[in-house]
Amino acid sequence: MTPVAEVSLPTSQTAPSVSFGRQALRRLLRNPGACVGLVVLTIIALAAIFAPYVATHDPLEQRLPERLQGPSPEHWLGTDDFGRDLFSRIVYGARISLRIGFTSVSIALVVGGTMGLVAAYYGGWIDHLLMRIVDILLAIPSILLAITIVTMLGPGLNNVMIAVGLATVPSYARIMRAAVLAVRESDYVQAAIAAGASDLRVMVRHILPNCMAPIIVQATLSLATAILTAAGLSFIGLGAQPPEPEWGAMAAQSRQYMRQAHHVVTFPGLAIAITVLALNLVGDGLRDALDPRLN
Amino acid sequence: MWRYVTTRLLAVIPVMFGVAVLAFLMLVLTPGDPALLMLGERATEEQLQTLRQEMGLDKPAYVQFARFMANLVRGDLGRSIRSSRPVAEELLARLPATVELAVAAVVLSVLLGIPLGVISAVRRGSLADHLAMLFALGGVAMPAFWQGLMLMLIFAVYLGWLPPSGRMGGLEYLVLPAITLGTRESALIARMTRSSLLEVIRQDYIRTARAKGLSERVVIFRHALRNALLSVVTVVGLNFGSLLAGVVVTETVFSWPGIGRFMVDAIRAKDFPVVQGAVVMFGFLAAAVNLLVDLLYAVIDPRIRAQYVQGR
């Protein structure tokens with residue numbers, strides 16, 4: 001009986017989860033805001049992937065005689081204080097911003113998700129200890145945590161990704177714990193335990209796939225926050241260093257020329273705002289799609 | 001009620017301990033010799049040795065930690081490497097500027113966010129609703145530093161209506177930094193007010209109020225909004241931490257002489273005692289506001305008071 005129960009579990013779980021996924025996708029695509037967000041994100045992602053083909057100039061090439069020029073057919077978004085083509089720098093900047101977003105969210109997801117999963121699965125003193133640490137960290141503003149970590153590690157893009165990721169670990173731990181607690185006592189989890197599945201297998205194969213909805217929503221929304229935080233850190237000089245075409249750093253480096261040529265600040269900032277807006281639209285749409293009760 | 005207050009007060013202790021540990025770890029976990037980092041390559045061995053002794057860097061980590069905590073309890077945050085003045089004194093001198101900015105931003109965000117949320121909920125689906133929610137979406141998507149620079153460009157450089165930066169005393173200096181810092185918060189408040197008001201409007205007691213023949217104004221403001229404001233208070237409180245963190249960027253953009261800008265300058269100059277002190281100060285402010293919000297709950301929500309009275 002036991003092996004049968006164990007074998008049949010994934011199948012019985014897979015069928016409804018596929019239809020739920022389809023339903024969620026349908027709900028997502030019926031949301032106009034989310035669709036706009038998806039289209040914008042796709043364009044940004046394609047621009048980032050194919051940056052060498054999309055960019056009209058080398059993003060690092062300096063042409064001092066052409067410095068601080070306004071938008072023109074030659075330089076679509078103008079040039080910066082070193083005569084570098086702003087459009088090309090923004091296109092390459094999309095690579096950096098998306099990398100920051102995905103790397104820091106992955107760090108937060110792996111560390112925070114594991115903490116939440118272990119805390120909720122084992123319960124008892126492990127849960128108590130981990131959650132008290134999380135409570136304390138949650139009470140500290142996350143950007144303050146990030147600033148502290150970057151100060152420790154030193155300025156730079158990689159360190160900013162680590163800092164932003166680690167700073168959001170507590171919220172992932174909380175969300176994952178709540179999601180795991182909701183399925184921990186389900187019959188199929190209990191059946192898997194009774195069938196003798198190892199803790200790791202129960203967590204990874206049976207619990208984790210059923211906890212992904214809130215985590216996906218959180219991940220999408222925190223991609224936006226990560227990009228904003230990293231841009232802010234770059235702006236105050238803790239993130240990407242010159243001449244890297246990171247959007248926040250670009251605005252910071254050129255801000256002294258803002259009076260003569262506002263485009264040097266306007267366009268990098270707009271790029272951040274549009275990306276974050278698109279991510280938030282998709283995140284909100286996903287939340288509504290994955291949790292129909294909210295409608 | 002006192003039990004509630006005591007419980008909340010005690011909960012601040014572990015948070016402050018966590019903040020202190022974080023501030024301490026910042027120095028200990030920094031790769032390389034902190035004394036060399038702070039004084040730079042040109043420092044003589046003698047200067048380095050003096051600093052190590054002064055800050056206790058030559059002692060084992062646990063001794064350093066005990067010393068750090070003991071000093072912290074006494075309000076001693078060490079001395080700034082750059083100015084040689086006590087860090088606590090330096091921070092306290094800049095605290096009023098930061099508090100002024102943060103309070104102005106919160107007031108502004110409440111004054112803007114709540115009416116926007118109410119209009120949006122009451123006229124659901126209308127143009128006003130769409131515009132308000134567009135503002136809410138844009139408000140959270142704009143990077144604060146960029147918004148600040150754009151406001152500066154329009155209202156200070158092009159129109160010349162307001163001073164571009166600094167804090168010379170007049171309220172006009174506060175306007176642009178407060179708008180920059182408060183926009184994100186007001187967007188969040190507008191969204192939260194809208195959604196919680198929509199939730200409350202569906203409740204039976206609102207239907208009863210309407211059935212009694214009360215005017216829509218009374219129904220919304222006296223019956224619905226009061227209950228919806230509970231979640232709004234939560235949002236204001238929970239986001240105060242990120243608002244404080246926003247202070248760091250806003251103060252840098254507008255050369256506002258507060259703790260945030262001081263902290264950024266200290267990070268650039270590797271003045272670790274100041275950075276540690278600023279982290280502790282920000283952590284303390286965030287914890288104090290969270291405590292205040294918790295206490296405010298008990299004042300505005302009789303259910304919380306009742307819980308603790310029954311518990312006794």
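Computed quantities for the displayed model
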quantity	calculated
Virtual spin-label span in nm between residue A:53 and residue B:93, 7 Å along Cα→Cβ	5.9 nm
Helix B:61-73 vs. chain B, principal-axis angle (Cα, 0 to 90°, nearest 10)	60 degrees
Listed residue (A:208, A:103, B:107) projecting farthest to the positive dipole end of the protein assembly as shown, Cβ model	B:107
Among A:76, A:112, A:122 - extreme Cα towards positive end, dipole of the range A:55-124, charges at beta-carbon	A:122
Neighbour net charge for residue A:93 - beta-carbon separation under 13 angstrom, K R +1, D E -1	0
Angle between chain B longest axis and helix B:2-28 axis [Cα atoms, degrees, rounded to 10]	40 degrees
In degrees, nearest ten, helix B:45-55 long axis to first principal axis of chain B (Cα)	50 degrees
Dipole moment magnitude, nearest 20 debye, the range B:151-294 about Cα centre, only Lys, Arg, Asp, Glu C-beta charged	580 debye
Kyte-Doolittle at least 1.0, axis length at least 20 Å by Cα - qualifying DSSP helices, chain A	A:32-49, A:86-122, A:124-139, A:212-235, A:263-290
Separation of the residue B:207 and residue A:132 label points, Cα + 7 Å toward Cβ, nm	4.7 nm
Label-point separation, residue A:257 to residue B:218 (7 Å along Cα→Cβ), nm	6.4 nm
Ellipticity estimate at 222 nm from DSSP helix runs (n ≥ 4, -39,500 (n - 2.57)) divided over chain A, nearest 500	-24000 deg cm²/dmol
Summed residue charge, Cβ within 14 Å of residue A:284's Cβ, Lys/Arg positive, Asp/Glu negative	+3
Chain B: calculated mean residue ellipticity at 222 nm from DSSP helix runs of at least 4, using -39500 (n - 2.57)	-25000 deg cm²/dmol
Sites residue B:5 and residue A:68 - FRET efficiency at Förster radius 60 Å, r taken between beta-carbons, to 0.05	0.55
Cβ-based charge dipole, the protein assembly as shown, positive-most Cα from B:92, B:260, A:290	A:290
Environment charge of residue B:4, counting only residues whose C-beta is closer than 9 Å and scoring Lys/Arg +1, Asp/Glu -1	+2
Sequence-distant residues sharing a close amide H with residue B:79 (under 5 Å, placed H)	B:87
Point-charge dipole on Cβ atoms (K/R +1, D/E -1) for the protein assembly as shown, about Cα centre, debye to 20	1880 debye
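No value in this document is a laboratory result; all are computed from the given coordinates. Remember, predicted model here, so these are calculated numbers, not experimental data. Don't worry about glycine lacking a Cβ; one is built from the backbone with ideal geometry, like all the others, and counts go over all protein chains shown.
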